[in-house]
Every structure is written in C-alpha cells, then in structure tokens.
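As structure tokens, the structure follows; a few thoughts come after it.
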Amino acid sequence: MNRLVLLLLAVLCFSCDNELKFEQKQYLATSKGADENKGARVEISLPVASNKPIVADSINRKILSVMKEIINYGETPFTSKNYQELANDFISTYDKVSAEFPGDKMAWEAKAVGKFCYESDALLNLEIDYYTFTGGAHGYSGKRSLLFDAGSGKSITEEDLISNPAEFLKIAEIAFRKKYKIANTTPLNEAGFMFETERFQLPQTYFFTKNGLLLYYNVYEIASYAQGPQEVLISYEEAKPFIAIPF
C-alpha cells in the first residue's frame, strides 16, 4: 500500500512539474533625459510561458511577433529577439529620429499590458491592451486578441475560429443593430459608422468572456477616432453553433 501511495504521489508531482506555467514579466526602457515633453518611454507587461518547452516556445514566439507589430516605427518591424530588445530598439529609433530632426522633438510612448481573459483546458485567450505615440495629432490605442490551443500552444487564427461565417454574420448584425438601436431598414453608415462596403462586417478581433463571444472593433475599423472602439456581445447560446474550436 505504501508503495502504491508513493507511486501516486510521484505521478502527481511529475504531472504538476510538467504543467504549463506563466509568469507576468515587466520590461522598461527610457531615453536619457526624458520628460513629458521629450524623450521616449516603453512599458511592457506580459505573461511569459515556461515549463513545457515546445508549447511554451510556440506561445512566446507568437506573442513576441505580435508585440513587434504593435511597437514599431515605419513599415518594417524591429528585428528584436526579446521584449527588452524591443523596448531598447524603440528608444534607439527615437534617438535616431530626434537627431535627424532636432526641431521636431516630441515625447514618444509605448505601453502594452497582456493578460489572459479566458482560460480553459482547451483554450487560452490573451488580451493585449496597448497605446503608442510617435508623433502626430494623437496616439493610437487598441486591443489584440491572441488565441492558443491550450494543449499544443498552437496559435488559432480568426479564420479558424468561426465556421459558416456568412450565417454568423447575420446573427452578429442583428445583435449589432439591436445594441446601437439601428433599424433594419437603415444603412449602417447613415447611422454614423464607416463600414468599408457600407455593409456589416465581422471584426478582426474576438474575445472569449464568461458571458459570451465579444466582437471587438478597434478604433478606425468601423468608426472614427472620436467614436472610439465598438463592441457587441454574442451569447454562447447563439454563438456556440458557429465556434469551430473547443473552448
């Protein structure tokens, strides 16, 4: 009996030691002499996966790739190999631009905070809230949603998420019109929105929540900067037939 108990304890310990783990880590960088009117600052806070090498590596590489899309300057992403390098590259770019155009000095800023908004045995949903400013009338804030298979760490795209998007679009438009009190006969763009084809479209960003699937439209996606982001929640009762992945 004692041997059996010891064996069970050993199995449990091994199982715990091989569970995927996340540690929230912070990365900071500030240019020399920075204040509210000049210089550059970067603040990054993200969960870093560990303990299951292949799975953790898949998740970490995807998050870093997206962060390089968020924190950048110009059309070419930084070649940073980690978050601290990314923060430092942003600062170095500010210093270079500031030296080239000394009369146009303006404070740059980049902030990003990532947290899991949904976790299950099947699915991990990371929400990244970010703000960047590299000059101009105003900065840009937004949200990114990263979906991962909890077992393999494989990234799940928006195309993988929804089955029968044409039918789901109909459900989503009904919910959208109901939330924003737009009659079925009223064109959406006449109600103040800016859909590219003047017809309802699904968003680029989805979040799993405890109450349903959140359809999230970032600034400029379907509305002006002044209007801000738009969102509509589809209950799981309505959304489940169209969700193509386990959650």
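The values are calculated or read from the model by the stated rules, or taken from the named source; none is laboratory data. Since this is a predicted model, take the numbers as computed values, not measurements. Glycine also receives a Cβ, built like all others from the backbone with ideal geometry; neighbour counts cover every protein chain displayed.
Do we find a residue being in the same structural domain as Gly114 (by TED's automatic domain parsing) and within 22 Å of Thr157 (Cα to Cα) anywhere in the stretch 33-44?
no
Can you find a residue that is under 18 Å from the mean Cα position of the chain (by Cα) and polar (S, T, N, Q) anywhere in the stretch 173-188?
no
Evaluate the following for Glu127: is it at pLDDT 95 or above and within 18 Å of the chain's Cα centre (by Cα)?
It is true that Glu127 is at pLDDT 95 or above and within 18 Å of the chain's Cα centre (by Cα).
Run Ile156 past the list (1) at pLDDT 95 or above; (2) closer than 30 Å to Met106 by Cα and report the number of the one that doesn't hold.
Looking at each condition in turn, Ile156 falls short on (2).
Could you tell me whether Leu214 is free of Cβ contacts under 8 Å to residues at least 40 places away in the same chain, hydrophobic (A, V, I, L, M, F, W, C) and touching a strand residue (DSSP E or B) at 6+ places or on another chain (Cβ under 6 Å)?
It is true that Leu214 is free of Cβ contacts under 8 Å to residues at least 40 places away in the same chain, hydrophobic (A, V, I, L, M, F, W, C) and touching a strand residue (DSSP E or B) at 6+ places or on another chain (Cβ under 6 Å).
Conditions first: (1) without any contact (Cβ under 8 Å) to a residue 12 or more places away in the chain; (2) crowded, with 18+ Cβ neighbours inside 10 Å. Val97 passes all but one, so which condition is the exception?
Val97 satisfies all of (1) without any contact (Cβ under 8 Å) to a residue 12 or more places away in the chain; (2) crowded, with 18+ Cβ neighbours inside 10 Å except (1).
Starting from the stretch 218-240, keep only residues that are more than 21 Å from Tyr118 (Cβ to Cβ), then list their pairs with residues that are in a loop (DSSP other than H, G, I, E, B) and aromatic (Phe, Trp, Tyr) whose Cβ atoms are within a distance under 8 Å, requiring at least 6 positions of separation or different chains.
From the stretch 218-240, the pairs are Val219/Tyr225; Ile222/Phe193; Ile222/Phe195; Ala223/Phe193.
Specify the residue that is nearest to Gly212 (Cα to Cα); the eligible residues are those in the stretch 90-111 that are of a type in the set (Lys, Arg) and either touching an Asp or Glu at 6+ places or on another chain (Cβ under 9 Å) or part of a helix (DSSP H, G or I) (or both).
Result: Lys111.
Would you check if Ala183 is in a loop (DSSP other than H, G, I, E, B) and over 30 Å from Ala56 (Cβ atoms)?
Yes: the conditions hold for Ala183.
Of the conditions (1) at pLDDT below 95; (2) surrounded by 17 or more Cβ atoms within 10 Å (Cβ to Cβ), Ile71 fails just one. Which one is it?
(1)
Please find, within the stretch 77-94, the residue that is nearest to Thr134 (Cα to Cα) out of those that are of a type in the set (D, E, K, R) and surrounded by 15 or more Cβ atoms within 10 Å (Cβ to Cβ).
Asp89
For the stretch 112-130, enumerate the residues that are in a strand (DSSP E or B) and either more than 18 Å from Lys62 (Cα to Cα) or aliphatic (A, V, I, L, M) (or both).
Of everything in the stretch 112-130, those that are in a strand (DSSP E or B) and either more than 18 Å from Lys62 (Cα to Cα) or aliphatic (A, V, I, L, M) (or both) turn out to be Ala112, Val113, Leu123, Leu124, Leu126, Ile128.
Within the stretch 33-51, restricting attention to residues that are outside any strand (DSSP E or B) and without any contact (Cβ under 8 Å) to a residue 40 or more places away in the chain, which residue is farthest from Phe90 (Cα to Cα)?
Asn51
Considering the stretch 103-139 alone, what residues qualify as being of a type in the set (Asp, Glu) and surrounded by 15 or more Cβ atoms within 10 Å (Cβ to Cβ)?
Of everything in the stretch 103-139, those that are of a type in the set (Asp, Glu) and surrounded by 15 or more Cβ atoms within 10 Å (Cβ to Cβ) turn out to be Glu109, Glu127.
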